[in-house]
Amino acid sequence: MLIDGIPGDQVPLSDRGLQYGDGLFETLAVTDGQPGLWQRHMARLQAGEQVLGFPVSDKQRLREEAHALCAACERGVLKIILTRGSGGRGYRPPAVARPRRILSLHPWPDYPGIWYKQGIRLRICETRISCNQRLAGLKHLNRLEQILARNEWRDQSIAEGLMLDENGKVISGTQSNLFIVRGDALLTPDLSRAGVAGVVRELVLERARQFGIPARITALDSAALKRADALFITNSVMGLCPVAVLDDQRYAVDRVPAALRQSVQDAL
């Protein structure tokens with residue numbers, strides 16, 4: 001672990017990331033010492049910095065620290081946390097923020113290979129995602145809703161849970177983005193009011209256009225899930241994973257475009 005570029009495992013109790021969740025994070029897949037989709041992650045991080053009013057971080061310094069930490073890693077997960085730094089008691093941020101960089105390297109999760117061949121099982125979560133246009137799309141440190149949702153099940157056969165917003169619109173998984181395959185087209189939830197705009201979600205939308213696959217961002221409800229021919233989820237570590245079952249409904253795993261799946265896998 002590196003804290004502001006120095007090996008360590010402690011931050012001051014005054015850190016606003018600890019006190020208030022005042023910060024951002026990115027999770028990157030590491031292969032042969034290289035953090036994947038770096039530019040996309042940095043673009044989202046910088047968008048978050050602008051919204052939260054952080055000074056723009058030195059992305060080259062972040063890259064150097066990431067490479068130093070990951071150099072000997074064949075396969076793993078890099079987590080980058082950026083907090084506003086230390087501050088006094090109270091919500092009002094310090095006039096001059098000195099953000100803190102926390103980089104940590106973790107083992108690669110043991111995702112079963114069968115997930116990608118036969119699809120995974122999902123459930124609908126009872127916990128709802130709050131709507132907030134100011135924070136929508138960002139990967140900020142406030143993840144209590146996802147924690148509550150993930151705590152709803154212990155069944156290891158369920159790989160992920162889907163979360164709806166307060167109005168019953170489908171938003172995302174607890175740690176993933178959702179795509180619906182309907183006919184020859186892709187649909188993915190509108191995240192302008194809630195949710196995290198994933199970097200692999202962005203990649204899928206780009207690659208779909210390159211392959212001539214119609215892809216649309218739109219409001220989706222539970223009925224749209226029932227009308228779907230196929231579902232798949234994405235994130236920067238899992239990649240693209242087809243869904244076989246959602247609650248008691250089954251989906252055709254082979255309806256997820258094979259060329260799209262391969263293209264995303266290659267990019268990661």
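The values are calculated or read from the model by the stated rules, or taken from the named source; none is laboratory data. What you see is a predicted model; the values in this text were computed from it and never measured. Cβ atoms come from the backbone with ideal geometry, glycine included; neighbour counts cover every protein chain shown.
Tabulated data for the structure shown
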| quantity | calculated |
| --- | --- |
| Any hit, segment 207-220, residues being touching a Cys at 6+ places or on another chain (Cβ under 6 Å) and either surrounded by 14 or more Cβ atoms within 10 Å (Cβ to Cβ) or not assigned by TED's automatic domain parsing to the domain that holds ARG128 (or both) | no |
| Subset tally (residues that are of a type in the set (Asp, Glu), surrounded by 18 or more Cβ atoms within 10 Å (Cβ to Cβ) and more than 14 Å from LEU62 (Cα to Cα)) for segment 5-36 | 2 |
| Residue that is nearest to GLY36 (Cα to Cα), among those in segment 46-97 that are without any contact (Cβ under 8 Å) to a residue 12 or more places away in the chain and aliphatic (A, V, I, L, M) | VAL56 |
| Subset tally (residues that are part of a loop (DSSP other than H, G, I, E, B) and either surrounded by fewer than 18 Cβ atoms within 10 Å (Cβ to Cβ) or among the small types (Gly, Ala, Ser) (or both)) for segment 115-127 | 3 |
| Qualifying position, being under 17 Å from HIS106 (Cβ atoms) and not basic (Lys, Arg), among GLN34, GLN46 | GLN34 |
| Every residue from segment 71-83 that is surrounded by 15 or more Cβ atoms within 10 Å (Cβ to Cβ) and out of contact with any Asp or Glu (no Cβ under 9 Å at 6 or more places or on another chain) | GLY76, VAL77 |
| Count - residues of segment 1-24 that are closer than 15 Å to LEU144 by Cβ and part of a helix (DSSP H, G or I) | 4 |
| Whichever residue in segment 90-114 is charged (D, E, K, R) and surrounded by fewer than 17 Cβ atoms within 10 Å (Cβ to Cβ) and, among such residues, is farthest from LEU24 (Cα to Cα) | ASP110 |
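Residues checked against (1) closer than 18 Å to GLY119 by Cα; (2) hydroxyl-bearing (Ser, Thr, Tyr); (3) surrounded by fewer than 22 Cβ atoms within 10 Å (Cβ to Cβ); (4) not assigned by TED's automatic domain parsing to the domain that holds LYS79:
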site	(1), (2), (3), (4)
SER157	yes, yes, yes, yes
GLY183	no, no, yes, yes
LEU186	yes, no, no, yes
VAL199	no, no, no, yes
THR234	yes, yes, no, yes
VAL245	yes, no, yes, yes
